[in-house]
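Colleague: Next up is a structure, given as structure tokens.
Any read-out appearing in this document is the output of simple, stated calculations on the displayed coordinates, not a laboratory observation. Small disclaimer: the values here were computed from a predicted structure and weren't measured. When we count neighbours, we look across all protein chains shown, and the Cβ atoms used for this are built from the backbone with ideal geometry, even at glycine.
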Amino acid sequence: MVSMVTMLINNSMDLLLNLTLLVALSILSGFIEKRWSSATRTGTLWQGALFGVTTLFGMLRPLVLGPGVMFDGRSVMISLCGLFFGPLAVAVAGLPAIAYRLSLGGPGVYMGVLTVLSASAIGLWSRYRFRPLENPPSGIQLYLFGLAVHVAMLAGAVTIPASGGLSVLRSIGLPVMLLYPLATVLAGKILADQVVSGR
């Protein structure tokens with residue numbers, strides 16, 4: 001019991017450090033928005049590049065559960081990129097993340113790629129369904145959005161061979177569902193304030 005609590009705390013701290021870094025870096029989006037509006041193709045490309053670099057930077061500092069099984073903040077960044085900046089930006093951000101995850105290989109590679117694809121799809125669907133630039137999302141809406149993204153992410157654990165998926169869910173499921181939606185709310189609120197006020 002003590003070892004399980006210790007593992008949960010350690011996993012939570014690693015994830016919190018990763019997500020805090022990514023949320024802080026999302027503030028740079030505001031500087032880009034002031035210089036190049038995301039309503040333009042140039043602004044959209046710059047936002048995609050920023051989110052892509054931020055995602056890759058987070059992937060360089062993951063929580064590693066075992067060889068080829070790692071977690072980072074890519075789901076938060078990619079989903080929010082799709083939500084606020086659309087398909088061109090999310091393609092610019094997501095394709096390098098997929099390529100890098102494929103290059104790392106390991107038993108979690110399919111889950112890693114599915115994480116990027118599902119986060120992109122949920123972000124884009126939410127963008128066209130809820131129109132966040134016209135109706136900035138509330139904290140509750142962002143929290144539910146974050147829950148949906150990360151339920152989909154954890155569902156990808158079924159692609160990990162043998163009993164690896166169950167092991168991953170036991171090790172990381174609770175910290176992910178506690179921390180990632182909250183990080184989504186914080187980063188989402190920053191982005192909503194910056195993007196909407198810039199238009």
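Colleague: In the neighborhood of A89, defined by Cβ-to-Cβ distances under 14 Å, what is the net charge if each Lys or Arg adds +1 and each Asp or Glu adds -1?
Modeller: Counting the neighbours of A89, the net charge comes to +1.
Colleague: Which distance in nm do the two modelled labels at K34 and N135 give, with both placed 7 Å along the Cα-to-Cβ direction?
Modeller: 3.1 nm
Colleague: Picking from Y110, V92, L179, whose Cα lies most toward the positive end of the charge dipole for segment 63-199 (charges on Cβ: Lys, Arg +1; Asp, Glu -1)?
Modeller: V92
Colleague: Right, next: What distance in nm separates the simple spin-label points at R170 and I27, each placed 7 Å from Cα in the Cβ direction?
Modeller: Label at R170, label at I27, 4.0 nm between them.
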